[in-house]
Every structure is written in structure tokens, then in C-alpha cells.
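K.L.:
Encoded as C-alpha cells, here's the structure I'll be asking about.
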Amino acid sequence: MLLNPLVVISVLVLLITAGWFMYTGRIGSFAQARPGANLLPALFPAIAGPAATPGPSPSAGSSVAPAGSWTAGHSGDATTSLELVPGQMGAQALKLDITQYVSGDVTLTSPRVDVAPGKTYFFKVFTTTEEDFRLLARKSLKDGSTTLEQLRNSVERPGTSAFTVSDAFNSGDTVTAVQYVFRFAAAGTARVEGAYLEPADDVQLPPPAVTGPNMVPNPGFAGTQPNQPAFWSPYSSGTSTVESGRGEDGRGSFLWTRIGNYQSGESKWQYQPIPVTPDRYFRFGAAYKSDRQVDVVAEFELAGGGRTFRNLETVPPAGEWTTISEAFQVPEGAANAMVTLVAHGNGTTAVRDYSLTDVTKRGPLRWNQPMVSITFDDGWQSVYDRALPLLDKHGFRFTQYVNASSIETPNFITGAEVQQLHQAGNEVAAHAYQHVDLTSVGVDRLDEELRKSEDALAAAGLPTDDLAPPYGRSDAQVDWYASKYFKIMRGTDDGINTRQNINPHDLRVLYITDATTPDTLKEALAQASRSNGWLILVYHQIAAPDSSGTQKNSIASDRSTITSDVLATQLQLIDESGIQVKPVAQAFEQLQGP
């Protein structure tokens, strides 16, 4: 049984702390560089110069600023200001105010920092924003060229509390300097503070990219006719005025499309589709510049006739060449595939450096059966009182992620109830020791949160290799420390886990909220069944049938509380799907087996 010594502090204490401190739990524990290690200078603003005129090859605004300063710029029609203001952590913050936005992108760029060869670096900054943005890394290379790459999972949601964004990379033998760019495409304000870049060995870098032949025909756009590269052709539909062509610059050829008088339809450059087979896994890459947002669309020709489309991502306007990358699995019935950048509105879009690489894992293309895991976060009492009887009715065993510090506190389950869940065959897994944003705390606190979580559960006879970070917040440093104590970690990306896309430290999920419809769940179950995939459902509190909204002082303040009658309907749909239901750790082991 979980004993009182494990119950040190109630998670609810965190809820009365204002601002971003609700995530760190105590003053002074916020993430920061090691003493003397920060390579970034103190925050200092400078305003970028005027933007260039948009054209077939849209360009970013030039910047004239003192060395070591942050700069604001824009590539289209926008008005910005940049100033120092008080920060949420007691120091100063930079405030970017986009007072007017019409077109193009707006950027906030860090100072350029030189890096040594062959070293690993970690960047982190606290951000508060009213609008979504993308984080990008601009790297200077030894040959004098630069790259600008949109970082994975770089879409961040607006809010009133500071949260972190970060990046980790190894400089290798080519990268000589780095800058970080925040890209916006709407009016609003954003603040950054506490920025640091330091050499760090305690970060988990992604595995090296799988290399292979580029399957895109004529990626250099060669051709005997000025505007007709071999194997490529412009395409447009709907009602608008469209111009297309091929351009040249210092990097070589690119293709551009300009849309005016837009009323409907789309425009793009496309190539001859590539033969594919279902369940194979591909990585697509490209570089683009655009006055407006662009859809990255995978188009599949079906063997029996017809087509199906999948929007892999929508990228914002970009005033300079930006590299993007997306992975996808070929759906059932597909015979040919093509991935393109598609514009739906007035503006100019330019593209280059298309690549499509087969990164399919060796061995079977898919698992031999689909799987569902039902999970609950935080250890709410309502799960034991209202969800457990419904789950038992169907014979479903589930995973309960708990903060050991919240056991035996108001609104949370007791130690005896935790033991009963475990003895009945349910999984009790880690949600950190306290409910804190692990990306927002210093490395000592981070390691302590994970170690104490594992130790507390193990001491109660509930050892676990399974972690769900609070708030779904993780980064390369959290991943490194988590790997010391846990084997699998639940992520936040929506989707179905398959044999091809599974990442043990970033398991995909479907968050259940009060807006999740039966049709949404039915489609997710059907997709898991079609692909022999693993669907992980994430629940929080379960209210009485006549209740609505979240409990007072609830950690889960994101509309994640549902009523018991809604849960009953959803469990019935899962039962009717015929898909096997297992707790996360059991499902993972079974799916990874021979």
C-alpha cells in the first residue's frame, strides 16, 4: 500500500500559484543554463529593416541590428514593435507586438551564436503568446551557406502562462553557428524570456535520418523548355488567375506559382506519381517560400480507381527558404503516391529540394493485430468511483497514471484504492512525482521528479517502466532523464501507433474531451483496425451524468472532463469494435514481441 511518507505535497497546492509557477511548483526551480554555460547574450531588442517586395521568389525583410540583439522582421504587410518588459520569472522579457498583419510572415530572431564542431547543444526559452507560431533553427555551415529548418512539433498554442520551446542538435563537422527564429502569421503579442543555449550531454537526440534514393523524379527541375521541367507540370483548379514558372538563384532552380483574383480551387506544381505499396513508410522533404500558408498534401491513387488525400501539415507564410519534413504511411489500397505543396488563395509560392525517401523498417510491415489502451491521468477519485464500474462491466483493464504526491489528498484516489486497481490487473504508471511541467524545471528538479516517482511506486510494490509527463510536456532533456527510469513514454501527438511510426518515448494518443463525438471515436477505432495499429485513449475526470465542466480547482482545465454516461457509450463502441484492450505496458510488450 502507498503509505503516508509518499504523500508529501498535494498537487492542488500548485493550482493556487499564479502564472507559469503552477508548472514548476516552487520558485527558483525554473529551467536555466548551468552557471557560466549560456552562450546567448542578455536579452536586447532591435527592430529589423523594411521588407522586400514580394515576387516570384519572395524574400524576407533585411535586418540591420547591433550584434547580440534580437530582431523583429516581416516579409509582407505587417507592423511590429519590440521592447523590453517585466517577465513572469522576475527578470525582463522581450515583447513582440504585431499591431497590424495583412500578409507574409513576422519573425523574432535570436542572436547568432558560434558553436564548436562535434558538440551537442541545447536551446530553451520561455514563451507567452496570443497566437500560434513555429520555431525554426537557422544554421550557418562551414561552406558559407545557411539552412532554415522548421523544427518538429514546433506548433505552439496560445495562452496566458509562460511555457518552454526548445531544440537539441549536434554540430557535427559542418555547423558553425546557429540562430532561432519564431515565425508568426497573425496580429497579436508574444513574449520570450529566460533564453539560453548551452553545450549539454544530457539530451536525447533523434536517431540519424535514414538515407536512401530520392524517389522524386527530376528533383533539380532540369528541362529543355524554360518553364517545363521534365516529369513536372503546373496544376490548378477552380476560379482564379494563375501564373507558373521556373526560376534560378544561387542555389539553383526553383518552381513558383502566383495566384490572383482567387475565388476557389487550388494551385501547385506536381510530378509523376511514384509506385507504392500499402503500409510502407516514407519521409517527404522540401523547401518553400510563400506569401501565404501552404498545405503539404499526400495524394494516393488507388489500385481499384479513385484517389484519396491526406493533409500532412499546413505551414505558415515564409519570407525565406524554409526546409520542412513530414513522414507518412501508405494507406490500404494505394498504388501510387505524390506529395506536393498546395496553395489555396492569393499570393506567390516557390518550392525546391523535393525528396521522398522510403524509410520502412525491416521485417513485417505491420503488427498482426490492432490494440486499444485506455488511460486516465492524474489519479482522480472520480475514475475509481465512476469509471471503474463501467470498465469492469466490459472486462477492460486500463492504465492509471498517478502523481505519487497526490495520493490520499482531496479529490484523488487513496493508497488502498491504488492497490485494488493493481491487484485487479490494471496498470499503475508514473505521471511524475508532482504534477509539474517537466520542461519548465531545472535539471536537478527534473531528475528528482522522475526518480522519486519511480521510487515511490516501486516501494509500494508497483514498479513501472511507463511514464506520461504532466500536461503532455516533454523535450530532448526530459526524454534523456526519463530514459534513466522508464522504458516507454506517452506523448501528445494525435494519431495511431503502427509498427512503422512507433516511437517508444513519444507514443501517439487520442485525447478525449467533451467535444469528442462517437463518430470521432468510431473512425479512430476503424483506422486502428485497418492498419493493425495501437490506439491509446487519454481520459481525465469522470463527472456524474448530470454534471458539466471540470471540477473546481481541477488540473484538467482543458474541457477534458466527460460524464459517466458519455464514457459508457464510448466503452460500448470499443467493445463493439472487437479490438483487444490492454494496459499500455502490456500492449507495448505484446506488440513488440515476435
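Quick note: the coordinates plus some simple rules give every number you see, no bench work behind them. Only a predicted model underlies this, so the values are computations on that prediction, with no experimental measurement involved. Don't worry about glycine lacking a Cβ; one is built from the backbone with ideal geometry, like all the others, and counts go over all protein chains shown.
K.L.:
With angles folded into 0 to 90 degrees, how steeply does helix 443-459 sit against the dominant principal axis of the chain? Use alpha carbons for both and round to 10.
P.N.:
Its long axis makes an angle of about 40 degrees.
K.L.:
Follow-up question, since we're still on this one. Kindly rank 262-275, 401-414 from highest to lowest mean number of other beta carbons found within 10 Å of each residue.
P.N.:
Per-residue Cβ counts within 10 Å, averaged per peptide and sorted highest first, yield 401-414, 262-275.
K.L.:
Continuing with this model, one more query. How much space per residue, in cubic angstrom, does the convex hull of the C-alpha atoms of the stretch 458-537 take up?
P.N.:
Looking at the stretch 458-537, the number lands at 123 Å³ per residue.
K.L.:
Size of the dipole of the chain about the Cα centre, Lys and Arg at +1 and Asp and Glu at -1 on the beta carbon, nothing else charged, in debye to 20?
P.N.:
Computed charge dipole of the chain: roughly 880 debye.
K.L.:
Same structure, new question: Averaging sequence separations of C-alpha pairs under 8 Å and six or more residues apart, then dividing by the length of the chain, give the relative contact order as a whole percent.
P.N.:
It rounds to 14 percent for the chain.
K.L.:
Taking the Cα centre of the chain as the origin and placing charges on Cβ (Lys, Arg +1; Asp, Glu -1), which of 171, 254, 489 is farthest toward the positive end of the dipole?
P.N.:
So the residue we want is 254.
K.L.:
What full-extension length gain, to one decimal in nm, is calculated for residue 586 and residue 81 as 0.36 nm per residue of separation minus the Cα-Cα distance?
P.N.:
Between residue 586 and residue 81, full extension yields 176.5 nm more.
K.L.:
What is the spin-label model distance, in nm, from residue 243 to residue 309 if the labels are put 7 Å beyond Cα along the C-beta direction?
P.N.:
Spacing of the two 7 Å Cα→Cβ label points: 2.6 nm.
K.L.:
With n ≥ 4 as the cut-off for DSSP H runs, can you work out [θ] at 222 nm for the chain, using -39500 (n - 2.57) per run divided by the number of residues, rounded to the nearest 500?
P.N.:
Value at 222 nm, helices only, nearest 500: -4500 deg cm²/dmol.
K.L.:
Please give the contour-minus-distance gain from residue 444 to residue 332: 0.36 nm per residue of separation, less the Cα-Cα distance, rounded to one decimal in nm.
P.N.:
35.6 nm
K.L.:
Against the longest principal axis of the chain, how steep is helix 518-531, in degrees 0 to 90 to the nearest 10, with axes from Cα atoms?
P.N.:
That helix lies at roughly 80 degrees to the long axis.
K.L.:
If amide H atoms are built 1.01 Å from N in the plane of the peptide, which residues on other chains or at least 5 residues away come under 5 Å of the amide H of residue 503?
P.N.:
Those lying under 5 Å, H to H, from residue 503 are 508.
K.L.:
Output ³J(HN,Hα) for the stretch 398-410: one whole-Hz value per residue in order, computed from phi by the Karplus curve 6.51 cos²θ - 1.76 cosθ + 1.60 with θ = phi - 60°, and x for Gly and Pro.
P.N.:
My calculation for the stretch 398-410 gives 9, 10, 10, 8, 10, 8, 4, 5, 8, 4, 6, 10, x Hz in order.
K.L.:
In this model, which of 139/289; 95/119; 361/484; 522/582 are farther than 21 Å apart at the alpha-carbon?
P.N.:
Exceeds cut-off: 95/119; 361/484.
K.L.:
Give me the percent relative contact order of the stretch 232-358, please, defined on Cα pairs under 8 angstrom at least 6 residues apart.
P.N.:
That works out to 35 percent.
K.L.:
Sticking with the crude label model, points 7 Å out along Cα→Cβ, report the distance from residue 385 to residue 451 in nm, one decimal please.
P.N.:
Result: 3.7 nm between the two label points.
K.L.:
Still on this structure, please answer the following. Would you mind counting up the charge near residue 299? Only other residues with Cβ under 15 Å from its Cβ, with Lys and Arg at +1 and Asp and Glu at -1.
P.N.:
Combined, the nearby Lys, Arg, Asp and Glu give -2.
K.L.:
Near residue 176, within a Cβ-to-Cβ distance under 14 Å, what is the net charge of the other residues, with Lys and Arg +1 and Asp and Glu -1?
P.N.:
It works out to a net charge of +2.
K.L.:
Rounded to the nearest 5, what % of the DSSP beta bridges within the chain are antiparallel ones?
P.N.:
Rounded to the nearest five, the antiparallel share is 80 percent.
K.L.:
Starting from one equal scatterer on each C-alpha and no solvent at all, send me the Debye-based log10 I(q)/I(0) for the chain at q = 0.07, 0.13 Å⁻¹, two decimals.
P.N.:
Log10 of I(q)/I(0), two decimals: -0.46, -1.49.
K.L.:
Moving on to the next point. On a 0 to 90 degree scale, rounded to 10, what angle separates helix 564-577 from the longest Cα axis of the chain?
P.N.:
With both axes taken from Cα atoms, the answer is about 70 degrees.
K.L.:
Which distance in Å, rounded to a whole number, links the C-alpha centroids of the stretch 433-498 and the stretch 373-389?
P.N.:
Each part reduced to its Cα centre gives a spacing of 20 Å.
K.L.:
Place +1 on the Cβ of every Lys and Arg and -1 on the Cβ of every Asp and Glu in the chain, take the dipole about the Cα centre, and give the residue among 37, 298, 382 whose Cα lies farthest towards its positive end.
P.N.:
Looking along the dipole axis, the top candidate is 298.
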